[in-house]
Amino acid sequence: MTNSPAQPHKTTWQNAFEEAQATLETFRKDSAQLEKCEKFSHILIESFKNGGRLFTCGNGGSHCDAMHFAEEFTGRYRKDRRPLGALALGDSSHVTCVSNDYGFEHIFSRQVEGLARKGDVLVGLSTSGNSANVVRAFETAKAMGVKTVGLLGRDGGKLAGMADLAIIIPATTSDRIQEMHIKIIHTVIETVERAIFPENYR
């Protein structure tokens with residue numbers, strides 16, 4: 001008699017949820033991490049209140065999260081309200097143009113240089129913290145007076161020492177790190193809405 005194929009899958013599911021819960025709990029119980037999250041809220045709220053805009057960037061799954069982050073502001077999160085200025089860098093036409101002419105490491109920095117202004121915020125998502133195109137974007141942003149926030153993982157990589165604010169997820173695999181990134185993204189959006197559109201939370 002062969003073993004049922006369902007049992008190994010059940011174990012994988014259980015382990016995945018347990019790992020995700022452990023990562024969340026470790027992060028939640030760290031007061032320094034929560035203080036960084038509160039600072040993230042403050043940075044975005046102040047920028048939006050002063051007419052600033054949010055730019056986001058990342059690669060692969062982090063690019064998808066960056067796009068989701070931006071569209072929640074230009075669309076809506078929970079209730080109707082006016083849009084807030086946000087854009088995920090890296091549309092396909094721009095990426096193929098710039099990577100062909102200058103190199104892939106320039107795809108985000110060229111857009112930052114062309115679009116961002118002092119008072120804006122750039123959020124870079126990188127599970128390793130070493131994505132060359134995000135690193136270059138942060139270098140450009142810093143030179144322009146654009147605030148930088150890194151949503152990172154592992155040891156934070158190069159971006160940990162470059163960002164005005166670095167939030168580093170205490171995990172070693174990209175899936176666990178990205179799961180926490182999306183939780184942080186959703187929560188910071190809620191804090192921004194509560195501050196700028198309090199009527200939506202009465």
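Things worth noting here:
- Computed from Cα atoms, the angle from the helix 132-144 axis to the main principal axis of the chain rounds to 30 degrees.
- In plain terms, the residue of Thr148, Thr12, Thr191 with the fewest other Cβ atoms within 10 Å comes first and the most crowded comes last, giving Thr12, Thr191, Thr148.
- Listed from fewest to most Cβ neighbours within 10 Å, the set Leu165, Leu115, Leu151 follows the order Leu115, Leu165, Leu151.
- Of the labelled figures [x] 44, 19, 15; [y] 30, 22, 17; [z] 93, 22, 11, only one reflects semi-axes √(5λ) of the Cα gyration tensor in Å as derived from the coordinates, namely [y].
- Unsatisfied cross-links (Cα-Cα over 20 Å) in the set Lys49/Lys147; Lys29/Lys183; Lys118/Lys158; Lys39/Lys183: Lys118/Lys158
- Per residue, the chain reaches -18500 deg cm²/dmol at 222 nm when only DSSP H runs of four or more residues are counted, each adding -39500 (n - 2.57).
- Relative contact order (%) - criterion: Cα under 8 Å, at least six apart; region: the chain: 21
- Here region 31-201 is assigned +1 on the Cβ of each Lys and Arg and -1 on the Cβ of each Asp and Glu. Its dipole about the Cα centre then comes out at about 320 debye.
- Part-to-part distance (alpha-carbon centres) for region 1-61 and region 80-100, which is given in Å: 23
- Ordering of 58-69, 21-32 by packing is 58-69, 21-32, highest average first (other Cβ atoms within 10 Å, averaged per residue).
- Helix 92-101 and the long axis of the chain differ in direction by around 70°, with both axes built from C-alpha atoms.
- R0 of 45 Å, Cβ-Cβ distance Asn50-Ser93: FRET efficiency to nearest 0.05: 0.90
- Given R0 = 30 Å, the distance between the Cβ atoms of Trp13 and Asp155 translates into a calculated FRET efficiency of 0.55.
- Computed FRET value (nearest 0.05) for Thr191 with Glu25, which takes r as the C-beta separation and R₀ as 30 Å: 0.90
- Between 0 and 90°, nearest 10: helix 31-49 axis offset from the chain longest Cα axis: 40
- Label-to-label distance, nm, for residues given as Glu71 and Lys142 (7 Å Cα→Cβ offset): 3.2
Bear in mind that the values in this text are calculations on the coordinates, not laboratory data. Remember, predicted model here, so these are calculated numbers, not experimental data. Here Cβ is always computed from backbone atoms with ideal geometry, including for glycine, and neighbour counts include all displayed protein chains.
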